[in-house]
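This report concerns only the one structure given below.
The values are calculated or read from the model by the stated rules, or taken from the named source; none is laboratory data. Small disclaimer: the values here were computed from a predicted structure and weren't measured. No Cβ is skipped: glycine too gets one built from the backbone with ideal geometry, and neighbour counts run over all protein chains shown.
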Amino acid sequence: MIKSIKKIGLASLAALSLTTNAANKPKVMNILLITADDLGIGSIGCFGGKPEGLTPNLNHFATEGIRFYHAHVNAAISSPSRKVLGTGLYGHNSGAMGFMPAREDVPGVIELFKNAGYMTGVLGKVGHSTPNKRASWDYSFDQKDLGNGRSPDIYYQRCKTFFSQCKKEGKPFYFMVNSHDPHRPFQIPGELLDGAQNPSKFYTPQEAVIPGFIPDLPDVRKELSYYQNSVRRLDDTFSKVMLALEESGYKDNTIVMFLSDNGISLPFAKCNTYLASTHTPWIVSWPGVVKPNTVDSTHFISGIDFLPTVLDATGIKKPEKLDGSSFIPLLKGQSQQGRDMVFTQIDRQAGDQAVPMRCIQDAKYGFIFTPWSDGFFRYRNNNEGMTMKAMEAAAQTDKNIAERVKIYRFRVLEELYNLDSDPDCLVNLIDNPEYKMERDRLTSEMQLWMKRTGDPLLPAFENRYDDLARKSVLMAVYGSDFEPGTKEKNKMKGKGGKLKNTDEDE
């Protein structure tokens, strides 16, 4: 054996050594983050969603990775949600408490990966996905250059180009691909937006599946069928992105994550803090690490955990200040302490109107604090569409629907729900003495979280039963963006305002 080594020669031996070391060296991991826009988890088949067959490509992807059943975004509205992903910080710590960038001193995902030698790219939702102005993407195309963000074929071509550029430059990549589906306007048959493609399948009102938090009315059913058309096109786009990845040869050393930026664009979901608002279908594949077709139905993960996780996975040094933590152990099939609840928030909606809400949820209960609720301020946003119009019309003769409209428009200061028996959050248990222990436990946990993260609304929460003190805090935090409503103002100005129904709003 010794003689044979001598015959190889020093040069050949060095080459053999380099080859052996390269073979033992861990692969450089790429990151591909694919997001949906306003997708409700109840639409995804691999999470038990209906109708069956609506998302065949996502269902197949789930067999290649792990599904998290307790996954949430921390802010159920597009720009704030994506800023959390890109900074690993809650909005009140990054400065992105609405439709604004994070502070310039906050390290964001783009610069962190670029500084580590990665090529960075983004398709769609570019402004919402750019944490701040400290760094710019190497490769980016926005809505108008993606068939209105609704052309699977164009996404495919843009992905192929990006992967080719990465190969040409010899760089690993961080690539964020954002579909504009199923954001409003939903896909009405025969009414394509400029550049958009039809979905591979259309749905009828009879096939529409109505979430339990809204009533089953004819116009609601019609609008939900349009939404399902958009969901199907999202699934088509996902398929094309994954095809481009596979054709590139990068699939074996790419971590792929899929999730939605927030819940469905309907009352009681998007731009709120209910279970339907933040519960997101989070799926992760990591060849050689994540066991295929697995489910985690125990641990909670959320948007603030994304950045520390992908930095750990790629070996990139993390910033000193992060609110989230890596869930790499979960991806390896292990257990992890401290993942039994999630905190979510809303600060400002589209148009910068301050409508602050705070929520804490665990596997069974959810508590919501809505400091602006005063019986006069009338909440509105651009998620209402045909559904809210149908509800308000039906409320004229249906007391139950009238009560739902009222709670949506005016809320109450505190809400408590048994998410196990009432996931649609229909029965507020806040004054039920049987649930006092749970109420006290969750309010105590919320107070601790607000202290720990430096939430500026902590004084409002601690003085929540003092109307003047609470509103004083809101004015101090949000300034002119928060103006307590009155009946007169609402009549004259339509407080809470009508908002345009476009992608640029949310």
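Taking helices (runs of 4 or more DSSP H) that fall entirely within the range 1-86, which contain at least 1 residues that are modelled with pLDDT under 95 and either more than 17 Å from the chain's Cα centre (by Cα) or crowded, with 24+ Cβ neighbours inside 10 Å (or both)?
In the range 1-86, 2-8, 10-24 are the helices (runs of 4 or more DSSP H) which contain 1 or more residues that are modelled with pLDDT under 95 and either more than 17 Å from the chain's Cα centre (by Cα) or crowded, with 24+ Cβ neighbours inside 10 Å (or both).
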Consider only pairs whose beta carbons are under 7 Å apart and that are at least six residues apart or on different chains; among these, list those whose first residue lies in the range 169-185 and is closer than 19 Å to Val109 by Cα and whose second residue is basic (Lys, Arg).
-> Asn178/Lys125
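So that you can scan it fast, the table gives a plain yes or no per residue for (1) at pLDDT below 95; (2) touching a helix residue (DSSP H, G or I) at 6+ places or on another chain (Cβ under 8 Å); (3) assigned to a loop (DSSP other than H, G, I, E, B); (4) closer than 21 Å to Gln143 by Cβ:
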residue: Cys159; (1), (2), (3), (4): no, yes, no, yes
residue: Ser164; (1), (2), (3), (4): no, yes, no, no
residue: Lys168; (1), (2), (3), (4): no, no, no, no
residue: Lys171; (1), (2), (3), (4): no, no, yes, no
residue: Val177; (1), (2), (3), (4): no, yes, no, yes
residue: Arg184; (1), (2), (3), (4): no, yes, yes, yes
residue: Pro189; (1), (2), (3), (4): no, yes, yes, no
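Each row is one residue, and each column tells you yes or no for (1) of a type in the set (A, V, I, L, M, F, W, C); (2) farther than 30 Å from Gln353 by Cα.
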residue	(1), (2)
Ala244	yes, yes
Thr273	no, no
Val295	yes, yes
Pro319	no, yes
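Take Asp374 and decide whether it is in the same structural domain as Leu448 (by TED's automatic domain parsing), closer than 14 Å to Phe410 by Cβ and modelled with pLDDT under 95.
It is true that Asp374 is in the same structural domain as Leu448 (by TED's automatic domain parsing), closer than 14 Å to Phe410 by Cβ and modelled with pLDDT under 95.
Test Asp138 against the criterion of being within 26 Å of Gly249 (Cα to Cα), assigned by TED's automatic domain parsing to the domain that holds Tyr250, within 19 Å of the chain's Cα centre (by Cα) and of a type in the set (Asp, Glu), and give yes or no.
no
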Scanning the range 129-158 residue by residue, those of a type outside the set (Ser, Thr, Tyr) and crowded, with 24+ Cβ neighbours inside 10 Å turn out to be Pro131, Leu146, Gly149, Arg150, Pro152
State whether the residues of the range 472-493 include one that is modelled with pLDDT under 95 and β-branched (Val, Ile, Thr).
-> yes
Condition test on Ile407, is it within 30 Å of Ala208 (Cβ to Cβ) and either within 23 Å of the chain's Cα centre (by Cα) or part of a loop (DSSP other than H, G, I, E, B) (or both)?
-> no
Give me the pairs, please: first residue somewhere in the range 227-246 and in contact (Cβ under 8 Å) with a residue 60 or more places away in the chain, second residue anywhere and assigned to a helix (DSSP H, G or I) and surrounded by fewer than 22 Cβ atoms within 10 Å (Cβ to Cβ), beta-carbon distance under 6 Å, and either six or more positions apart or on two chains.
-> Asp235/Asn57; Phe238/Asn57; Ser239/Asn57; Lys240/Tyr156; Ala244/Tyr156; Ala244/Lys160; Leu245/Lys251
For the range 210-219, name all the residues that are in contact with a Pro (Cβ under 9 Å, 6 or more places away or on another chain) and crowded, with 19+ Cβ neighbours inside 10 Å.
-> Phe213, Ile214
Please state which one of Ser200, Ser285, Ser225, Ser239 is surrounded by fewer than 24 Cβ atoms within 10 Å (Cβ to Cβ), within 30 Å of Lys27 (Cβ to Cβ), more than 19 Å from the chain's Cα centre (by Cα) and among the small types (Gly, Ala, Ser).
-> Ser239
Boolean, Ala96 is modelled with pLDDT of 95 or more and over 28 Å from Ser43 (Cα atoms) | yes
For the range 305-323, state whether one or more residues are buried (at least 24 other Cβ atoms within 10 Å of the Cβ), touching a His at 6+ places or on another chain (Cβ under 9 Å) and not in a strand (DSSP E or B).
-> no
Take the residues of the range 159-185 that are among the charged types (D, E, K, R) and within 17 Å of Ile34 (Cα to Cα): which is surrounded by the fewest Cβ atoms within 10 Å (Cβ to Cβ)?
-> Lys160
